[in-house]
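I have placed the structure first, in the form of structure tokens, so that the comments after it can refer back to it.
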Protein chains: 2
Amino acid sequence: MTDVSDARPWCAVDLAPGRARAWLLRGGAVSARATLTPPPEVPDRQHADALIKRLGTPADGAPAVICGLSGPPAPVAVPVKPGQIQPQRQAGTNAHALPGLRQNSPPALMQGDEVRIAGFLALNPGWDGVICLSGPLTHWAQVSAEEVVSFQSFLTGVAADALAVTPVLHARLTGTEWDDDAFADALDTAMSRPERLASGLAEIRAMATLEGLPGSEARARLHGLLIGAELAAARPYWLGQQVALIAPDDTANRYAAALVRQGVPVARTDEERMTLAGFTAARRRIAAG
Amino acid sequence: MTDVSDARPWCAVDLAPGRARAWLLRGGAVSARATLTPPPEVPDRQHADALIKRLGTPADGAPAVICGLSGPPAPVAVPVKPGQIQPQRQAGTNAHALPGLRQNSPPALMQGDEVRIAGFLALNPGWDGVICLSGPLTHWAQVSAEEVVSFQSFLTGVAADALAVTPVLHARLTGTEWDDDAFADALDTAMSRPERLASGLAEIRAMATLEGLPGSEARARLHGLLIGAELAAARPYWLGQQVALIAPDDTANRYAAALVRQGVPVARTDEERMTLAGFTAARRRIAAG
């Protein structure tokens, strides 16, 4: 196997939903970062090229590994070992794309988070349990013997962000503070009566207008209701399981608090480190291939 | 009582959530309509004045009745007879504002739809049952002896609109067609397992990408999931009840289909007619007051 830590600079490009970011890597260290704002709806090769250029690298000048592309390569069906999926060369370029994961029943699609699973498993060989990957979508992935056996997806983060900017809620979510008790209360409500999600949202608006509910509490209630409804549905994925959490800090804090409240032991991880470990493992497979 | 059908022109201004529209009325007929796009987040007197000007009337030139204002007058607690709530004169103007309805437990707030309830009851004296008012928010109001006894609110329309424009769903909701079977299927899913709302949304995305789910089906599934989860929570409001539906046509079609599927007899109404009947009844109370 080629030791890529001594190889020439290369680019890692993450186009997972809600993410559009890239790293220039050199000798195992990050020497530049770039992002596109807002992230594209349907990420394609042009977005990858734009990110690579922002790293200060001509699009064809450094080898690149890309995840989260829509279109080819086609997603790979589970069960599958993410650490063995071979990146595919993009015709006429110096870039390789990682396929996502698919599940036929119930229908599920992962486009990008599979690189973080591969990174986690590269750093934690032999780990069995459930990996919760959260961002705009949340994926709960059952992992056994380095293999993703099944996964279920939720649009929780997308819904929270979309609701937070609606005219009827936006003016109520003032400030940036967070109310732990309000989060726990809303979480418990939605876990025991998940069908009350939309009425719970209307209650936030009513309490804000009638009782001067602070923004910190309104925001915590919004996320508590959405994560509570998700946990009620994802119960088979966390009940009695070992759970590892891969998510940006804010999101990870909420999921960790929610899971710890259910008595679930949660292993926190560094999301960027998992991502780069996954890309590095893929780069090694390309070099070895 | 003064017969307002012979009175001078007056304005009706509806600032309920997601609505910002006004009518110039003369002898019981509409002689002009105006709207503000987009509707304001926190509707105040300035928005009412802007609408009145668009009707071709100077803001102080014609008497106006306004519903849906945030701030004073304070909402009136239920139980209450909407047909007896007195509009309050806005200091230094020729305008009167109708207070909304509030409920303390569970917390609920209606700002504007109370005028449609009053209109429905003015046209259907003695009617008892449940009125479902749907728009950005849905209110289910239990009515007995002309009184709103209790109500429950849902942010279903807000959530549907917000989700439809998110990057992960937007590109999947192509076209304007509608798939009745997909709506019924998603409705049944969410009514029996309402906690699966967020995973059902993720499945729409997965099916669109993996199986080429048509936009007509994706859109119908989105609304089916959201309305199904709402019906699961609002069951005490519709089960075994006589339900009258007051909503814009598209929304009314969806709710009527969903309720008829549960075996509930639904009385459809003309939403603008209910609104104007409510304003006209309020105008009569002002003239009589």
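Since every read-out is calculated from the coordinates, none of them should be taken as a lab result. Computed from a prediction, not measured in an experiment: that's the story for all the values here. Every residue, glycine as well, gets a Cβ built from its backbone with ideal geometry; the counts of neighbours run over all protein chains shown.
Chain A holds its axis-closest Cβ, relative to the rotation onto B, at the residue and whole-Å distance A:Ala162, 2. Across all C-alpha atoms in region B:117-218, the radius of gyration and Dmax reach 17.7, 54 Å. Does anything in region B:198-222 have its amide N under 20 Å from the 7 Å Cα→Cβ label point of A:Asn104, and if so which residues? Residues B:203-214 fall inside that zone. Rounded to the nearest 20 debye, the dipole magnitude of chain A is 820 debye, with +1 charges on Lys and Arg beta carbons, -1 on Asp and Glu beta carbons, and the Cα centre as origin. Here the ratio of the Cα radius of gyration of region B:1-133 to 2.2 N^0.38 Å is 1.05.
For B:Arg235 and B:Glu272, the difference between the fully extended length at 0.36 nm per residue and the C-alpha to C-alpha distance is 10.6 nm. Taking 7 Å steps out from each Cα toward its Cβ at A:Val30 and B:Gln46 produces label points 4.3 nm apart.
Using a 7 Å projection from Cα along Cα-to-Cβ, the label point at A:Gln84 is separated from the same position in the remaining copies by 7.7 nm, smallest value first. Which of these, A:His223, A:His170, A:His96, has the largest mean-square fluctuation under a Gaussian network model of chain A (Cα springs below 10 Å)? Evaluated over chain A, the most mobile residue of the options is A:His170. Evaluated with a Cβ-only charge set (Lys, Arg +1; Asp, Glu -1), region A:1-112 carries a dipole of roughly 100 debye about its Cα centre, given to the nearest 20. Between copies, the label points of B:Pro125, set 7 Å from Cα on the Cα→Cβ line, lie 8.6 nm apart, reported in increasing order to one decimal in nanometres. Residues in region B:260-276 carry Karplus couplings, in order, of 4, 4, 8, x, 8, x, 10, 8, 7, 9, 8, 4, 5, 5, 4, 4, 5 Hz; the curve used is 6.51 cos²θ - 1.76 cosθ + 1.60 with θ = phi - 60°, and Gly or Pro positions show x. Here the sum of -39500 (n - 2.57) over DSSP H runs of 4 or more residues, divided by the residues of chain B, equals -12500 deg cm²/dmol at 222 nm, to the nearest 500. Annotation for B:Glu211 and B:His170: the two label points, set 7 Å from Cα along the Cα-Cβ direction, are 2.6 nm apart. Other residues lying with their Cβ under 11 Å from the Cβ of A:Leu69 contribute a combined charge of -1, Lys and Arg counting +1, Asp and Glu -1.
Could you give the alpha-carbon Rg of chain A over 2.2 N^0.38 Å, rounded to two decimals?
Normalised Rg, Cα atoms only: 1.05.
Under the shape rule built on the C-alpha gyration tensor, where the axes satisfy a ≥ b ≥ c, region B:228-289 is prolate, since a/c reaches at least 1.5 and a/b is greater than b/c.
Sequence-distant or interchain residues sharing an amide H contact under 5 Å with B:Ala32, placed H: which? Under 5 Å from the amide H of B:Ala32 lie the amide H atoms of B:Leu24, each far enough along the sequence or on another chain.
Give me the net charge of A:Asp270's neighbourhood, meaning all other residues with Cβ under 11 Å from the Cβ of A:Asp270; Lys, Arg count +1, Asp, Glu -1. Result for the neighbourhood of A:Asp270: 0. Counted by Cβ distance under 14 Å from B:Val115, the other residues give a net charge of +3, where Lys and Arg count +1 and Asp and Glu count -1.
For B:Asp250, the distances from its label point to the matching points in the remaining copies are 2.9 nm, ordered from shortest, with each point set 7 Å beyond Cα toward Cβ. When the Gaussian network model of chain B links Cα atoms closer than 10 Å, the mean-square fluctuations of B:Gly215, B:Gly119, B:Gly224 top out at B:Gly215. For chain A, modelled as a GNM whose springs connect Cα atoms under 10 angstrom apart, the maximal fluctuation among A:Met110, A:Met274, A:Met207 occurs at A:Met207.
Between B:Thr57, B:Leu69, B:Pro39, the Cα set farthest toward the positive side of the dipole of region B:24-108 (charges on each charged residue's Cβ, about the Cα centre) is that of B:Thr57. Where the alpha-carbon atoms of the protein assembly as shown are placed on the principal axes, they occupy 94, 46, 42 Å, in descending order. Simple point charges give the picture: +1 on the Cβ of Lys and Arg, -1 on the Cβ of Asp and Glu, and for the protein assembly as shown a dipole about the Cα centre of about 780 debye.
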